[in-house]
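S.K.: Have a look at this one before I ask anything.
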Amino acid sequence: MTDRGDGFLRDIWYFAVHGRDIAPGALTHKVIAGEPVLLGRTKAGEAFAIRDICPHRGVPLSYGKFIDTDNQPTVQCPYHGWRFGTDGVCKHIPSLYEGQDMDPTRISVASYPLREQQGVLWIWMPSDLRAPSQPDDQPPVMPGVGNRPARIVEKMQLSCHVDNAVIGLIDPAHGPFVHKNWWWRDEGRMREKAKAFAPVKNGFSMVAHKPSANSKVYKLMGGDVKTEISFLLPGVRVEHITAGKHHLVGMTTVTPAGAQTTEITQSFFSTVPWLNVIAPLLKPFVHHFLKQDVDVVNLLQQGLSFDPRLMLINEADVQGKWYFSMKTEWDRARAEGRPFKNPVPETVLRWRS
Ligand code: FES
Ligand SMILES: [Fe+2]
């Protein structure tokens, strides 16, 4: 099984961090899907991820420092100075005497496959660290924006399990109540929606449509505006807006740290020159929007602490049901060593929002 009982999917790419947050020569610590991870970047610019626990006596290696061993960058543990390569293999043990019969390279910490694309570091979390799977899949690519990095990034911590964060992310019915903003929409402008959905690789998509007439922001983009919203396992929502020849992509990722801690990151990529220029001015709006979700999750957490039974109703919560059936199928497929069979049907969902 890839699910170890913590409800986190394994053998899958997770959003780790934007690459620019890890400068050359930096070592940082981050808990991802219950695993302590050292995310680092060598002075030459290569990003890597290894388990952040020294196999000798358990000190987090992220408290160590870079030092070269045989002209290769290694991380030196602050306790007894063992040195580990970016592949996790131990390259040097200072306490060994000349000629001592012990080969440091037989010791290693787990290393996690890492991909850096569009300025994003994606990390592969294997189900078994003793016999780690290698990626048989690519991390998601944001459409239409080439290799441009994100222009606006805003992240926050949610005090809930990643499942609740995902349900919140793909819930179409909370908008008019939680995101009541003069520049967005409110309850008084609710309309009946009918949206066509289709399965896509590792997820589903609300196929390209004209955005809600009740969202003022879209009107600013001008021209022939179309938007396509996808959700991909383990927790990536991609909103792709095209306006004429231009693209704006909003990527929302939820990455679990522990059982009750999830990081939500909202990133915007764009080919619209003026949007890239005014990006810093838009940051407060993004912050405000995200904060509304964080605040409601904190309310939710008060109720969830009593472990109530919850419900997902038709048809507004069908996307939530799909999320759970996709997770179950992901685990089954991995356990049975076969490709993921997407359980999402091609269908139209109707609701009011
Ligand atoms: S704990 Fe890391 S070298 Fe001893
Ligand atoms: Fe929301």
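S.K.: What residue among 351, 90, 156 has its Cα farthest toward the positive end of the dipole of the chain, where the charges are +1 on Lys, Arg and -1 on Asp, Glu, each on the Cβ?
M.R.: My answer, from the dipole projection, is 351.
S.K.: Could you check the simple spin-label distance between residue 314 and residue 69, using points 7 Å along Cα→Cβ, in nm with one decimal?
M.R.: Distance between the two pseudo-spin positions: 6.1 nm.
S.K.: Moving on. Where the convex hull is taken over the Cα atoms of region 152-352, what is its projected area averaged over directions, in nm²? Present the calculation step by step, with values, prior to reporting the outcome.
M.R.: Details: hull surface 48.4 nm².
Computed as one quarter of the Cα hull surface, the answer is 12.1 nm².
S.K.: Now for a different question. When only C-alpha pairs under 8 Å and at least 6 residues apart count, what is the relative contact order of the chain, in percent?
M.R.: Working: 700 pairs, mean separation 65.6, N = 353.
Answer for the chain is 19 percent.
S.K.: Arranged by the count of other C-beta atoms within 10 angstrom, fewest first, what order do 101, 293, 128 take? Display every interim value, and only then the final one.
M.R.: Details: 101 5, 293 21, 128 12.
Fewest-to-most Cβ neighbours within 10 Å comes out as 101, 128, 293.
S.K.: Separate question: With label points built 7 Å along Cα→Cβ from the Cα atoms of residue 276 and residue 57, find their separation and express it in nm.
M.R.: Spacing of the two 7 Å Cα→Cβ label points: 5.1 nm.
S.K.: Using a Gaussian network for the chain with springs between C-alpha atoms less than 10 Å apart, which of these wobbles most: 308, 339, 149?
M.R.: 308
S.K.: For the chain, set up a Gaussian network in which alpha carbons nearer than 10 Å are linked by springs, and say which option among 81, 40, 119 fluctuates the most.
M.R.: 81
S.K.: I need to check one value: relative contact order of region 12-125, counting alpha carbon pairs closer than 8 Å and at least 6 residues apart, in percent.
M.R.: Numbers: 239 pairs, mean separation 30.4, N = 114.
Averaging sequence separation for qualifying contacts and normalising by length gives 27 percent for region 12-125.
S.K.: On alpha-carbon atoms, Rg over Rh for the chain using Kirkwood Rh? Please report the intermediate quantities before stating the final value.
M.R.: On the way: Rg = 22.3 Å, Rh = 22.1 Å.
My calculation of the ratio gives 1.01.
S.K.: With runs of 4+ DSSP H residues as the only contributors, calculate the mean residue ellipticity of the chain at 222 nm using -39,500 (n - 2.57) per run, divided by the residue total and rounded to the nearest 500. Please report the intermediate quantities before stating the final value.
M.R.: On the way: 5 runs with 68 residues, N = 353.
That calculation yields -6000 deg cm²/dmol at 222 nm.
S.K.: With 10 angstrom as the radius, rank 108, 325, 270 by how many other C-beta atoms surround their C-beta, starting from the fewest.
M.R.: On the way: 108 17, 325 13, 270 21.
Fewest-to-most Cβ neighbours within 10 Å comes out as 325, 108, 270.
S.K.: Below 8 Å between Cα atoms, with a sequence gap of 6+, how large is the relative contact order for region 152-352 in percent? Mind showing how you got there, number by number?
M.R.: Numbers: 336 pairs, mean separation 62.2, N = 201.
Value for region 152-352: 31 percent.
S.K.: For a footprinting-style exposure proxy, rank 323, 79 by other Cβ within 10 Å, fewest first.
M.R.: The order, fewest Cβ neighbours first, is 79, 323.
S.K.: Something else: Would you kindly give the portion of the calculated P(r) for region 12-125 that falls above 18 Å, as a percent of all Cα pairs? Let's see the in-between values first.
M.R.: Working: 2983 of 6441 pairs.
Of the Cα pairs, 46 percent sit more than 18 Å apart.
S.K.: Give, rounded to the nearest 20 debye, the magnitude of the charge dipole that region 152-352 has about its Cα centre when Lys and Arg contribute +1 at Cβ and Asp and Glu contribute -1 at Cβ.
M.R.: Numbers: 25 positive and 19 negative charges, 108 e Å.
The dipole magnitude comes to about 520 debye.
S.K.: Of the residues 342, 181, 164, which exhibits the maximal mean-square fluctuation in a Gaussian network model of the chain defined by a 10 Å Cα contact cut-off?
M.R.: 181
S.K.: Based on Cβ point charges of +1 for Lys and Arg and -1 for Asp and Glu, what charge dipole magnitude is obtained for the chain about its Cα centre, in debye rounded to the nearest 20?
M.R.: Working: 41 positive and 36 negative charges, 237 e Å.
Charge dipole, the chain, about its Cα centre: 1140 debye, nearest 20.
S.K.: Oh, and also: For the chain, with the dipole built from +1 on Lys and Arg beta-carbon atoms and -1 on Asp and Glu ones, taken about the Cα centre, which of 34, 66, 266 lies farthest toward the positive end?
M.R.: My answer, from the dipole projection, is 266.
None of the figures in this text is laboratory data; all of them are computed from the coordinates on show. Keep in mind that this is a model prediction, so the values were computed, not measured. A quick note on method: Cβ atoms are made from the backbone with ideal geometry, for glycine too, and the neighbour counts reach across all protein chains shown.
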